[in-house]
Amino acid sequence: MIEYLLKNREKIIKKMEKINNIDYKEVEEKWILDSFENPKDMSFAGGDGSCNKLDYISFSFYGVGAVSFIHNIGEKIKKAKEEYIFDIAHPLDIEDRIRKYMLTLELKNALYVLRNYDIDCYIFDGSLFSLLISTRKGFEAYEEEIKNLYTEYKNEFDKKIEEEITYGEIGIISKDLDLELDKKMLVEHVEYILTLTKLINEFKDKIIGISKTSKINIYFDKNMPDIAVFTKYTDKAGYSEPIDFVNRIGPEEKREKHKQLSSVVKGISFIRQKPFYAEIDTAYIQFVRLEDNCGVVGITSFNKIDKELLSSIKQISINGYPYILKKAHETVEITNKKLEAIAKMLNIDDPIARHILGRKKKKF
């Protein structure tokens, strides 16, 4: 193994040098210094989701969850909403679907909190744009079917979602419908799109996403994510000027150069059209460091964020990252250990597939 590494050593070093060949002045021009000392009296909420599964010989046992917390400036954090789903399914059936369940629960939790509490800003753990990418990713070949199913199920799902938000009993409506698997997966996707468009149309001015990682490279157009450039070449608190890439990325050749951003734009274009009618005119990305020498985060939003909001987020953050997101992640995370403990409570005694693979063969 080492000899193969040594053969490629020089090539790897040259690639690293090329990646790191950034003009410091260019970075400095795009980084606006600010200490964020002008907060408003605001009420924040934030949430995260989790999903995991254990593969047994006969089935998969899975768990999906979402949790939201409220954090008013100067007050203690408090839990606002928590939902979990535990169930079994055929291993091949559930692999990709549990993530969609998780995202739908996160969206419904956010909708519940924004409807039932006086919240100025709801923060998602991660980029809002990943939610938009998910409206098409993996379903490009089924767009017309999804539109038809959306029209068919819209009134039924809309009524049930309203009941869920009113009474606080949130779940995945489409999960237990008696349908063929292929159709059920599309109908579950319809529920996701309906929930997302409902949240956007009602609360797009109040929702943002904050992520510690990002692959976007629209600021510098280098072979390195923008968040890495700002992290490596700045250390003071500050921010980058927000970019509305919906209106910035126009020509097809430029879209191809920014494939991830193109996926977002395509997702927005998809859910803005009939029959979804998501009201999205702008989509902003910017990078922020709330405190000197802390990590840079990416912030996504449907409206420009002012410095007062950034200053207020700093007030509910520890080491430059909102505490509600850290708390939500720690609370909702469904680890193998937790899932195994729940399976034990259910007296599931089917052999776990991975344990059999690792078991020594008997000698006969």
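The values are calculated or read from the model by the stated rules, or taken from the named source; none is laboratory data. Please read all numbers here as calculations on a predicted model, not as lab measurements. Counting neighbours? That spans all protein chains shown, and the Cβs are built from the backbone with ideal geometry, glycine included. Calculation scope for accessible area: heavy atoms of the full protein, side chains included, ligands and nucleic acids excluded. Shrake-Rupley method; radii C 1.70, N 1.55, O 1.52, S 1.80 Å.
Sorting check: for 117-125, 275-283, which peptide has the highest mean count of neighbouring beta carbons within 10 Å, and how do the rest follow?
Output ranking for 117-125, 275-283: 117-125, 275-283.
What is the distance in Å between the Cα centroid of segment 100-133 and that of segment 24-60?
That distance is 13 Å.
Expressed as a whole percentage, what fraction of the accessible surface of segment 23-352 belongs to carbon and sulfur atoms when a 1.4 Å probe is rolled over the protein heavy atoms?
Numbers: 7130 of 15360 Å².
Ligands and nucleic acids excluded, carbon and sulfur give 46 percent.
Mean residue ellipticity at 222 nm from the helices of the chain, using -39,500 (n - 2.57) per DSSP H segment of n ≥ 4 over the full residue count, to the nearest 500 deg cm²/dmol?
After summing the helix terms and dividing by the residues of the chain, the value is -14500 deg cm²/dmol.
P(r) for segment 23-352, please, calculated from all Cα pair distances in 20 Å bins and given in %.
With a bin width of 20 Å, the distribution comes to 30, 57, 13, 0.
If I model a spin label at Glu152 and Met345 as a point 7 Å from the Cα along the Cα→Cβ vector, what separation in nanometres do I get?
Roughly 3.7 nm, to one decimal.
Whole-Hz ³J(HN,Hα) for each residue in segment 326-331, computed from phi via Karplus 6.51 cos²θ - 1.76 cosθ + 1.60 with θ = phi - 60°, x for glycine and proline: what do you get?
5, 5, 4, 4, 5, 6
Once the whole set of protein chains is in place, how much accessible area is left on Met345, using a 1.4 Å probe, in Å² to the nearest 10?
Estimated to the nearest 10 Å², Met345 gives 150 Å².
Show Ser174, Ser127, Ser35 ordered by accessible area, largest first, where the area counts protein heavy atoms only and the probe is 1.4 Å.
Sorted by accessible area, descending: Ser35, Ser127, Ser174.
Label points 7 Å out from Cα along the Cβ direction at Glu143 and Lys159: separation in nm?
3.1
Quick one: of Lys137/Lys198; Lys100/Lys222; Lys79/Lys206, which pairs are farther than 30 Å apart, Cα to Cα?
Lys100/Lys222
Compute the accessible area per residue over the chain, keeping the other protein chains in place, probe 1.4 Å, unit Å².
53
So, in nm, how far is label His90 from label Ser58 when the simple model puts each one 7 Å beyond its Cα toward the Cβ?
So the two model labels end up 1.6 nm from each other.
Can you give the accessible area of Lys79 in Å² (nearest 10), computed on protein heavy atoms with a 1.4 Å probe?
Near enough 100 Å² of accessible area.
Near the amide H of Ser43, under 5 Å away, which other amide H atoms are found, from residues 5 or more places off or on another chain, if H is placed in the peptide plane?
For Ser43, whose amide H was placed from the backbone, the distant partners under 5 Å are Asp120, Cys121.
For Met224 and Arg99, what does the FRET efficiency come to when R0 = 22 Å and r is the distance between their Cβ atoms, rounded to the nearest 0.05?
In this case the efficiency is close to 0.20.
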